[in-house]
Amino acid sequence: MFRELLERWPVVKQIRSGDLRATGETAWSPQTHELRPKIHDCEQTRSICPYCGVGCGQVIYHKDNRIVQIEGDPDSPISRGHLCPKGADTKELHTHAHRLSQVKYRRPFATKWEPLDLETAMDMIAHRVWQTRKHSFTEQQEGEPVMHTQAMAHLGGATLDNEENYLIKKLFTGGLGMVCVSNQARI
């Protein structure tokens, strides 16, 4: 009994193994041997950070349809496994308890936001865009055809790629006649 207790004593383990700093096996307990990283049984999906135009690579670890961890992608030629503080906190963008998961609308002169279904919100936006264009569209100016409206604009996000920006430009300038189409592609 006493001998078994003495054998388990960390100081004796340290002396026998030569691990005098107790930074190796002597510091391990049975529970330590059972520890696994939280991403141990997870699947991986590669993605791109949504916060700016740099396009840093991310590895999303997920299990049972839930995000477990998001880390920098070491295979990304852009970021080589590094993420800025915003990118490193991307998991919160998706999993935060107070994340809005439905459209909120505040009626004119109201003091509170109310939930609105997505279809209704999209219809309201389309109606307002069309009405704005209808009431502000200029076909000619000083005898020259201009075919535009200056009453609305579009500001794109920094994570839009070239193809998306091309389609946005075609739709909003060619289709709707907007003259102010810009992109927040600055870091």
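Determine if the range 51-72 includes at least one residue that is more than 30 Å from Leu116 (Cα to Cα), without any contact (Cβ under 8 Å) to a residue 12 or more places away in the chain and not polar (S, T, N, Q).
no
Do we find a residue being part of a helix (DSSP H, G or I) and polar (S, T, N, Q) anywhere in the range 52-68?
No, every residue in the range 52-68 fails to be part of a helix (DSSP H, G or I) and polar (S, T, N, Q).
When you scan the range 121-138, do you find a residue that is over 22 Å from the mean Cα position of the chain (by Cα) and modelled with pLDDT under 90, even just one? Don't jump to the end; show me each part of the working.
To start, the set of residues in the range 121-138 that are over 22 Å from the mean Cα position of the chain (by Cα) comprises 121-138.
Add one more test, that the residue is modelled with pLDDT under 90, and what stays is none.
Checked the range 121-138: no residue is over 22 Å from the mean Cα position of the chain (by Cα) and modelled with pLDDT under 90.
Does Gly156 count as of a type in the set (Gly, Ala, Ser), under 25 Å from Cys56 (Cβ atoms) and either touching a strand residue (DSSP E or B) at 6+ places or on another chain (Cβ under 8 Å) or surrounded by fewer than 15 Cβ atoms within 10 Å (Cβ to Cβ) (or both)?
Numbers: of a type in the set (Gly, Ala, Ser): yes; under 25 Å from Cys56 (Cβ atoms): yes; either touching a strand residue (DSSP E or B) at 6+ places or on another chain (Cβ under 8 Å) or surrounded by fewer than 15 Cβ atoms within 10 Å (Cβ to Cβ) (or both): yes.
Against the criterion (of a type in the set (Gly, Ala, Ser), under 25 Å from Cys56 (Cβ atoms) and either touching a strand residue (DSSP E or B) at 6+ places or on another chain (Cβ under 8 Å) or surrounded by fewer than 15 Cβ atoms within 10 Å (Cβ to Cβ) (or both)), Gly156 qualifies.
Determine whether the range 164-171 contains at least one residue that is assigned to a loop (DSSP other than H, G, I, E, B), touching a strand residue (DSSP E or B) at 6+ places or on another chain (Cβ under 9 Å) and over 17 Å from Tyr51 (Cα atoms).
Looking only at the range 164-171, we keep the residues that are assigned to a loop (DSSP other than H, G, I, E, B), and these are none.
Within the range 164-171, not a single residue is assigned to a loop (DSSP other than H, G, I, E, B), touching a strand residue (DSSP E or B) at 6+ places or on another chain (Cβ under 9 Å) and over 17 Å from Tyr51 (Cα atoms).
Is it true that Ser136 is touching a Leu at 6+ places or on another chain (Cβ under 7 Å) and either over 30 Å from Val54 (Cβ atoms) or without any contact (Cβ under 8 Å) to a residue 60 or more places away in the chain (or both)?
no
Do you know which residues across the range 136-148 are over 25 Å from Glu164 (Cβ atoms) and part of a strand (DSSP E or B)?
Within the range 136-148, Thr138, Glu139, Gln140, Gln141, Glu144, Pro145, Val146 meet the criteria.
Name the residue that is farthest from Ala121 (Cα to Cα), counting only residues in the range 93-107 that are among the polar types (S, T, N, Q) and part of a loop (DSSP other than H, G, I, E, B).
Going through the qualifying residues, I end up with Ser101.
Every residue, every condition in (1) surrounded by 11 or more Cβ atoms within 10 Å (Cβ to Cβ); (2) farther than 25 Å from Thr159 by Cα, yes or no:
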| position | (1), (2) |
| --- | --- |
| Leu5 | no, yes |
| Asp19 | yes, yes |
| His33 | no, yes |
| Arg36 | no, yes |
| Cys42 | yes, yes |
| Tyr51 | yes, no |
| Tyr61 | yes, no |
| Ser79 | yes, no |
| His94 | yes, no |
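Residue-by-condition table, conditions (1) in the same structural domain as Met178 (by TED's automatic domain parsing); (2) outside any helix (DSSP H, G or I); (3) free of Cβ contacts under 8 Å to residues at least 12 places away in the same chain; (4) basic (Lys, Arg):
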site: Arg80; (1), (2), (3), (4): no, yes, yes, yes
site: Lys86; (1), (2), (3), (4): no, no, no, yes
site: Lys91; (1), (2), (3), (4): no, no, no, yes
site: Lys112; (1), (2), (3), (4): no, yes, yes, yes
site: Val129; (1), (2), (3), (4): no, no, no, no
site: Gln150; (1), (2), (3), (4): yes, yes, no, no
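The values are calculated or read from the model by the stated rules, or taken from the named source; none is laboratory data. Small disclaimer: the values here were computed from a predicted structure and weren't measured. Note: ideal-geometry Cβ built from the backbone for every residue, glycine included; neighbour counts use all protein chains shown.
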